[in-house]
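In what follows, a single structure is set out as structure tokens and then discussed.
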Amino acid sequence: MNGIDLGGQVAVVTGGAQGIGLAVARRLVASGATVSLWDLRADLLDAAAATLGPAASGIAVDIADPVAVQAAADRVQVELGSLDILVNSAGIAGRNAPLDEYDIDEWRRVIEINLNGTFFVNRAVIPGMKARNYGRIVNISSVAGKEGNPNASAYAAAKAGVLGLTKALGKEVAGHDIAVNAVTPATAQTAILDELKPEFIQYMLSRIPRGRFLEVDEAAAMIAWLVSRENSFTTASVFDLSGGRATY
């Protein structure tokens, strides 16, 4: 594992109790950061934090609730003294259905968590980063946000929105030494697949030239560099994690 120095920095990882979020948190702790895990799954938070040791703690947060998100951000800054890094990994896949048959409430649920939740979390941490004139943010989008997936229009639309939000915000705060970037993973074998039909999962696997799913530690390796001081120039950009699937 390449060494990345995050000593003295405080990170928030949403969706941090499992999957890519937990892998990222583990890598950040190994790099010297203090990490606050935010997750809707309160039942998983304590166990996740325990596996990471004393540098990690958990807060049960629904990122689709802007009041709860702001309260969590305020708590981190008071209790941990800063909030230097945000990795927004929380999200859901939503159900598979053709667009003309897609349940309207399900559409709203996917957009509310994946896109609006990203907005709420970024909005809550930016003022403190501006005041300190430093910050690093990575929003986890998806290759579906670039290319779209059939029968997953809500997810694709939300993740495309995350890319647009990231590009806009990165330009807004570039003068404050705040880097805001996104990554676009292909499918990883995490709990997010639980909502999807087996044939849809196989379709996504068939589209990856590497011929396998993304490993969560591979995502964590890229993200750890993106949230480091070493990433001192690149912002408002999108980094591919699709195993060769993406064509741009």
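We did not get these values from a lab; they are worked out from the coordinates using the rules stated. Just so it is clear, the structure is predicted and the values come from calculations on it, not from any experiment. As a convention, Cβ positions derive from the backbone with ideal geometry for all residues, glycine included, and neighbour counts pool all protein chains shown.
A few comments on the model shown:
- The residue list Gly81, Gly32, Gly53 contains one member that is within 19 Å of Gly8 (Cβ to Cβ), in contact (Cβ under 8 Å) with a residue 60 or more places away in the chain and either in contact with a helix residue (DSSP H, G or I) (Cβ under 6 Å, 6 or more places away or on another chain) or of a type outside the set (D, E, K, R) (or both), which is Gly81.
- Taken over the range 147-177, the criterion of being farther than 18 Å from Ser89 by Cβ, in a helix (DSSP H, G or I) and touching a Leu at 6+ places or on another chain (Cβ under 9 Å) is satisfied by Ser153, Ala154, Ala157.
- Residues being closer than 16 Å to Glu172 by Cβ, of a type in the set (A, V, I, L, M, F, W, C) and surrounded by fewer than 21 Cβ atoms within 10 Å (Cβ to Cβ) - total across the range 94-125: 1
- In the range 6-28 there is no residue that is more than 21 Å from Asn139 (Cα to Cα) and among the aliphatic types (A, V, I, L, M).
- Extreme residue, surrounded by the most Cβ atoms within 10 Å (Cβ to Cβ), among residues of the range 58-83 that are in contact with a strand residue (DSSP E or B) (Cβ under 6 Å, 6 or more places away or on another chain) and under 15 Å from Trp38 (Cβ atoms): Val61
- Screening Met222, Met204 for residues that are in a helix (DSSP H, G or I), over 18 Å from the mean Cα position of the chain (by Cα) and among the aliphatic types (A, V, I, L, M) leaves exactly one candidate, Met204.
- Arg136 meets the conditions (1) part of a helix (DSSP H, G or I); (2) closer than 19 Å to Phe233 by Cα in every case but one. The failed one is (1).
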